[in-house]
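Working notes, structure below.
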Amino acid sequence: DVHDLADVAAEAGAPLTLGVGGGEAIGAAFGETIEGDLARAESIAVPITLVLLVLVFGGLLAGALPLFVGMIATLGTFLSLYVIGSLTDVSIFAINLTTALGLGLAIDYSLFIVSRYREELHAGRNVEGAVVRAVETAGRTIAIGALTVAVSLSALLVFPQYFLRSFAYAGIAVVLTAMVASLVSLPALLSVVGTRIDSLRILRRRHQHREEQGFWYRTATQVMRRPITVAVAAVAVLLLLGSPFLGVKFGSPDARMLPESDPARITSEALQRDFAGDASESFPIVVEDIDGEPRAVLTDLASGVSDLDGVDRVETATGTFAGGASVAPSGPESARYVDGDAGWLSVVPSVEMGSDAGESMVGAVRDLDVDAETLVGGQTAELIDSRNSIASRLPLALGIIAVTTTVLLFLLSGSLLVPLKAMVLNLLSLTATFGAMVWIFQDGNLSGLLDFTATGAIDTTTPILMFCIAFGLSMDYEVFLLSRIKEEHDRTGDNDHAVALGLERTGRIVTAAAVLLSVTFFAFGTSGVSFIKMFGIGLAIAVLMDAFVIRGLLVPAFMKLAGNANWWAPGPLRRLHDRIGIIESEPLAAADGEAGVE
């Protein structure tokens, strides 16, 4: 057991120093580090989130409600993870990130509900009417948004890696938990709080103004005056930020993702630095269905493998081989290398297995002409096979996301252009995010400030996982903004006014929600494991990029350019939407009172 060996190492006194390295020790170190990271991240995120919520709403009570619902959702998240973990394997990485996702989404969804509830109260409704109306409007939007996030995560189920599949199981459960907590627990709390929602104020109410004088209304109007200029400039900047992704290099997690002081990392680096060949990165070659004398076949194969570039030595049933020749006879342990008509070799590399040289060496081994079935194991072979399997399933995953997102947004908007525009803009936002991740975590920029060691590669599954999570979150905000624009367009038929008013009514809420969610993700960016750090910082950048650049600039620019075509659909689809579409039953008149957030 790795922990028993670590205890022995810790108890060993001078002059003997013991260190435990290798895959098992590194995996155990990942788990122990992440457990501490979770508690630290929550201790950072919760107080900052409470302060921001109070600033957003101007009062303690209104600000505390979303955080309270977030705590309920977090408890539900742990329960769902416990149930899922009892049925299937769940990656230790999934626990951290889905916890952050559940807490952040619950707070975001609650922010939408509370904001709409206050807006309805200030528009003259009573408590019961305001609660019902908030759930009918913001609640409907939350349900659709949560469904889009869940759909994006469900695309991970098409990949064979249990790591990605566990994120799908856990992520879908967490999103649904956050949705239920916001749509069930929060309305009940609002009914109890009633008109006291604005009590315990610590900030004075702002002077109220007409919505047409608001910051986001004026921003949208200015953008729509020069839509081509704004769109070209913003797209050019996003593409420039995304350009580092063209040089992405995929690799596998290794000891360098642990803190420099971690014993497993120290031991692994010492093996690579101070010893000929890296035994900790040795990998097996299994030979099955041998046609002939097994030891003779294993000898020939060991000789051939040991002569390849990047191989230090090969150990098998007939001894140790290096440079194409036997350098040591077999010992008592050699019997473990052969069993009937099957056997195996242990290959000790002289190159870093995560490098191009390591991949080339594995490819050369697989290309050897052997009169038997050979199977190559080890981290690098897993990386190559994983990369190929992801590439083969990627079109299906993207197709699931594209089709389901288009259907959901069509049911909401009745348009074919709006879903297409939403997907294009989200892809632009994610391109910039991926470029930043390569520039920071692969190339090592800001590594000193962020306290991590750049490995020169990005884990193969990282872009897929980040894409599904960030795309879902982006669509979440898209649904919230689109529902308000559609609401106003149905009332007035004025495209430009509907876009500007929709942005005014959602701008502060969406940006506040994005900042709150990014705080949670940034808190997980303090992790000692660079893999978790990358996810936390990457998702935070994606959320902020989407809220400020996409929603604030590109959405009004593109919707202005499209004009009334935004709401076009062929006759048959229009009639279908009239029958089954998600249609607002009672358009909300423009509120003259206080907006939902301060």
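Within the stretch 269-289, one or more residues are over 30 Å from PHE30 (Cβ atoms) and open to solvent by 20 Å² or more (accessible area, probe 1.4 Å). Flag not set for GLY70, criterion: in a helix (DSSP H, G or I), in contact with a Phe, Trp or Tyr (Cβ under 6 Å, 6 or more places away or on another chain) and not aliphatic (A, V, I, L, M).
ALA364 fulfils the conditions (1) touching a residue at least 60 places away in the same chain (Cβ under 8 Å); (2) open to solvent by 10 Å² or more (accessible area, probe 1.4 Å); (3) small (Gly, Ala, Ser); (4) under 30 Å from VAL305 (Cα atoms) except for a single criterion, (1).
Number of residues in the stretch 85-107 that are out of contact with any Pro (no Cβ under 8 Å at 6 or more places or on another chain) and open to solvent by less than 20 Å² (accessible area, probe 1.4 Å) equals 12. For the structure I just gave you, tell me whether THR511 is over 18 Å from LYS560 (Cβ atoms), touching a residue at least 12 places away in the same chain (Cβ under 8 Å) and open to solvent by 10 Å² or more (accessible area, probe 1.4 Å). Considered against the rule, which asks whether it is over 18 Å from LYS560 (Cβ atoms), touching a residue at least 12 places away in the same chain (Cβ under 8 Å) and open to solvent by 10 Å² or more (accessible area, probe 1.4 Å), THR511 comes out as yes.
Kindly evaluate GLY502 against the criterion of being within 20 Å of ARG140 (Cα to Cα) and surrounded by 24 or more Cβ atoms within 10 Å (Cβ to Cβ). Judged against the criteria, GLY502 is a match.
Checked against (1) open to solvent by 30 Å² or more (accessible area, probe 1.4 Å); (2) in contact (Cβ under 8 Å) with a residue 12 or more places away in the chain, ALA328 passes all but condition (2).
Of the listed requirements (1) surrounded by 20 or more Cβ atoms within 10 Å (Cβ to Cβ); (2) touching a helix residue (DSSP H, G or I) at 6+ places or on another chain (Cβ under 8 Å); (3) free of Cβ contacts under 8 Å to residues at least 60 places away in the same chain, LEU258 misses just one: (3).
Candidates in the stretch 77-119 are the residues that are farther than 21 Å from ILE532 by Cβ and of a type in the set (Gly, Ala, Ser); of these, the one that is farthest from the chain's Cα centre (by Cα) is SER115. Among the residues of this structure, PHE531 counts as one that is modelled with pLDDT under 85, in a helix (DSSP H, G or I) and within 30 Å of SER261 (Cβ to Cβ). Quick one: would you say ALA542 is assigned to a helix (DSSP H, G or I), under 23 Å from the mean Cα position of the chain (by Cα) and either at positive phi or modelled with pLDDT of 85 or more (or both)? Yes: the conditions hold for ALA542. Under the condition of being open to solvent by less than 60 Å² (accessible area, probe 1.4 Å) and among the charged types (D, E, K, R), the residues counted in the stretch 290-315 number 2. Kindly indicate whether ARG125 is open to solvent by less than 20 Å² (accessible area, probe 1.4 Å) and either without any contact (Cβ under 8 Å) to a residue 24 or more places away in the chain or not hydrophobic (A, V, I, L, M, F, W, C) (or both). Judged against the criteria, ARG125 is not a match.
Being in contact (Cβ under 8 Å) with a residue 40 or more places away in the chain and of a type in the set (Asp, Glu) is the filter here; which residues of the stretch 280-299 pass it? Of everything in the stretch 280-299, those that are in contact (Cβ under 8 Å) with a residue 40 or more places away in the chain and of a type in the set (Asp, Glu) turn out to be GLU281, GLU288, ASP289, ASP291. Of the helices (runs of 4 or more DSSP H) lying entirely inside the stretch 159-249, those containing at least 2 residues that are more than 30 Å from ILE84 (Cβ to Cβ) and either open to solvent by 80 Å² or more (accessible area, probe 1.4 Å) or hydrophobic (A, V, I, L, M, F, W, C) (or both) are 186-193, 215-225, 227-242. LEU345 fulfils the conditions (1) of a type outside the set (Lys, Arg); (2) more than 30 Å from THR461 (Cβ to Cβ); (3) not in a helix (DSSP H, G or I) except for a single criterion, (2).
Annotation note: of LEU409, LEU427, the sole residue that is open to solvent by 50 Å² or more (accessible area, probe 1.4 Å) and not charged (D, E, K, R) is LEU427.
Each row is one residue, and each column tells you yes or no for (1) modelled with pLDDT of 75 or more; (2) assigned to a helix (DSSP H, G or I); (3) open to solvent by 50 Å² or more (accessible area, probe 1.4 Å).
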| residue | (1), (2), (3) |
| --- | --- |
| ALA10 | no, yes, yes |
| ILE48 | yes, yes, yes |
| ALA62 | yes, yes, no |
| THR74 | yes, yes, no |
| VAL83 | yes, yes, yes |
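If you filter the stretch 331-341 down to residues that are touching a residue at least 24 places away in the same chain (Cβ under 8 Å) and open to solvent by less than 50 Å² (accessible area, probe 1.4 Å), you find that the one that is nearest to the chain's Cα centre (by Cα) is TYR337.
The values are calculated or read from the model by the stated rules, or taken from the named source; none is laboratory data. Small disclaimer: the values here were computed from a predicted structure and weren't measured. Glycine also receives a Cβ, built like all others from the backbone with ideal geometry; neighbour counts cover every protein chain displayed. The area values use the complete protein model at the heavy-atom level, side chains included, leaving out ligands, DNA and RNA. Shrake-Rupley method; radii C 1.70, N 1.55, O 1.52, S 1.80 Å.
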